[in-house]
Amino acid sequence: MYTSLGAGGFVTRTETIDVRARDGFEWWADMVGDRVMPVAITSPHADRFRGTVSAIQLAQTDVSGFTFSPMSGRRTAAHIRRSDPEDYFLVLVHGSPIGLEQRGNNTLLRAGDMALFDSFHPLSCEFHDEGRLSRLTLLRLPRTALPLPQDRTDRLLATALSSRTGSGALLASYLTGLRAQADRCDPSELPRLGAVALDLCAGLLASQSDSRALLPAETRRQILLARIRAFIDSNLPDPRLGPATVAARHHISVRLLHTLFKEEPETIGATIRGLRLERSRADLADPGLGHRSIGEIAMRWGFRHPADFSRAFRRAYGLPPSDYRRMALVAAAAGAYAGDAEGPAPDVSDAGPSYV
């Protein structure tokens with residue numbers, strides 16, 4: 001009733017298939033009980049149920065993506081007595097609306113919204129049927145991993161959390177980017193990326209519950225670093241972007257900025273340069289940008305002088321940008337020919353920002 005779609009590092013994917021869809025629904029119910037928590041689920045689409053799940057296994061947490069036919073879920077006191085993993089879950093909605101009810105709170109979440117629920121209170125969730133599959137990202141949060149008082153966190157259950165500004169927008173972008181790029185991450189990176197996800201979530205919950213003063217210093221540091229990385233990612237085309245600009249935007253000294261990056265894999269300057277090179281490399285490989293010169297692409301991503309860009313590109317990738325472009329476009333043309341023969345390319349609409 002399911003088939004492996006591949007694995008990269010700690011990333012695993014499984015899928016229900018259509019061969020015997022009733023069995024597929026039963027497998028889905030068991031999978032939700034194992035991967036999330038035991039619940040009773042029903043669906044008007046049980047006889048033709050569709051669903052996919054992908055999971056990124058991290059050190060203290062995991063990030064999962066779910067796509068499935070509309071259904072309803074109930075977690076009762078009996079379920080809790082039988083099994084309570086003592087986890088919180090942060091849900092980010094991508095598709096049809098989701099109704100959540102827990103601990104006297106209820107909310108209707110639409111695409112782009114986020115909310116918190118847990119395994120130790122009865123729960124009701126309704127995945128609305130709008131003629132399309134439900135889609136969501138789920139971040140598991142062990143109770144012991146959140147450095148916040150449980151009573152303050154519990155007040156947020158089944159309430160809409162801000163996801164379009166501030167720390168909420170940062171967390172939503174981070175989770176989307178993490179899912180999009182996990183296959184390309186070195187397995188050794190995933191524990192660190194998971195820790196950042198937990199810190200960003202703790203920062204969001206602290207701000208929503210007026211508990212920011214209770215966050216540990218390391219959590220505050222990671223939140224600041226994530227904000228800095230997001231700012232860099234959004235301002236790469238500006239040739240003036242550098243340590244002084246970043247420090248001023250975040251109201252810290254340049255010295256403190258360099259100190260923040262001392263424990264990171266790269267310095268602040270190397271981080272900016274590396275991201276600019278990656279964007280430039282992607283543009284050079286894009287057939288749709290073949291009319292742009294290499295100098296134009298370099299300037300588009302903040303390189304002031306084409307010669308400096310060429311030297312940096314050769315150091316990073318081992319060949320001049322002109323040679324890379326020629327090889328990449330030949331490969332793209334060959335891939336397009338093969339794709340025409342085999343069918344349409346896969347949907348990558350969930351791809352997110354690359355600063356993770």
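Please get the size of the charge dipole for the chain, origin at its Cα centre, with Cβ charges of +1 on Lys and Arg and -1 on Asp and Glu, quoted in debye to the nearest 20.
Charge dipole of the chain: 1200 debye, to the nearest 20.
Please report, as a whole percent, how much of the solvent-accessible surface of the chain comes from carbon and sulfur atoms (probe radius 1.4 Å).
52
Compute the helix-to-body angle for 190-208: its Cα long axis versus the longest principal axis of the chain, expressed 0 to 90° and rounded to tens.
With rounding to tens, the tilt is 70 degrees.
For the range 183-243 and the range 132-179, what is the centre-to-centre distance using only Cα atoms, to the nearest Å?
So the two Cα centres are separated by 14 Å.
Going by alpha carbons, how many degrees (0 to 90, nearest 10) lie between the helix axis of 217-234 and the longest principal axis of the chain?
Here the helix axis deviates by roughly 60 degrees.
Among 42, 98, 77, pick out the residue whose Cα is farthest towards the positive end of the charge dipole of the range 41-156, where Lys and Arg carry +1 and Asp and Glu carry -1 on C-beta, about the Cα centre.
42
Show that you can apply the helix-only estimate: for the chain, add -39,500 (n - 2.57) for every DSSP H stretch of four or more residues, divide by all residues, and state [θ] at 222 nm to the nearest 500.
So the calculated ellipticity at 222 nm is -13500 deg cm²/dmol.
Dipole of the range 224-289, Cα-centred, from +1 at each Lys and Arg C-beta and -1 at each Asp and Glu C-beta, to the nearest 20 debye?
Around 260 debye, computed over the range 224-289.
Let me know the shape class of the range 276-326, please: from the alpha-carbon gyration tensor, a ≥ b ≥ c as square roots of the eigenvalues, rounded when a/c is under 1.5, otherwise prolate if a/b is greater than b/c, or oblate.
Cα axes put the range 276-326 in the oblate bin.
For the chain, take the longest principal axis of its alpha carbons; what is the angle in degrees between that and the long axis of helix 166-181, to the nearest 10 within 0 to 90?
80
Sort all Cα-Cα distances of the chain into consecutive 10 angstrom bins from zero, then give the percent of pairs in each bin up to the one containing the longest distance.
5, 21, 29, 24, 15, 6, 0
Give the peptides 44-55, 192-203 in descending order of average Cβ contacts within 10 Å, highest first.
Order by mean packing, descending: 192-203, 44-55.
Computed from the mean reciprocal separation of all distinct C-alpha pairs, what Kirkwood hydrodynamic radius does the range 30-180 have, in Å?
So the Kirkwood estimate lands at 15.7 Å.
Just add up the charged neighbours of residue 147: K/R +1, D/E -1, any other residue whose Cβ is under 12 Å from the Cβ of residue 147.
+2
With no solvent and one point per C-alpha, what does the Debye sum give as log10 I(q)/I(0) for the range 94-143 at q = 0.16, 0.23, 0.32 Å⁻¹?
Evaluating at q = 0.16, 0.23, 0.32 Å⁻¹ gives log10 I(q)/I(0) of -0.47, -0.92, -1.32.
Only Lys, Arg, Asp and Glu count, each charged at its Cβ (+1, +1, -1, -1), so figure out the dipole size of the range 176-299 about its Cα centre, rounded to 20 debye.
In total the dipole reaches around 340 debye.
Which is farthest toward the positive dipole end of the chain among 167, 303, 114, measuring Cα position about the Cα centre, with Cβ charges +1 (Lys, Arg) and -1 (Asp, Glu)?
The residue sitting most towards the positive pole is 303.
May I ask you to order 28-39, 265-276, 322-333 by the average number of other C-beta atoms within 10 Å around their residues, highest value first?
So the order, starting with the most tightly packed, is 28-39, 265-276, 322-333.
Using alpha carbon centroids, what distance separates the range 255-278 and the range 53-92, in Å?
35
The values are calculated or read from the model by the stated rules, or taken from the named source; none is laboratory data. Keep in mind it's a predicted model, so treat the numbers as computed, not measured. Heads up, the Cβs are rebuilt from the backbone with ideal geometry, glycines too, and the neighbour counts pull from every protein chain shown. We work out accessible area using only protein heavy atoms, side chains counted, and drop any ligands, DNA or RNA first. Shrake-Rupley method; radii C 1.70, N 1.55, O 1.52, S 1.80 Å.
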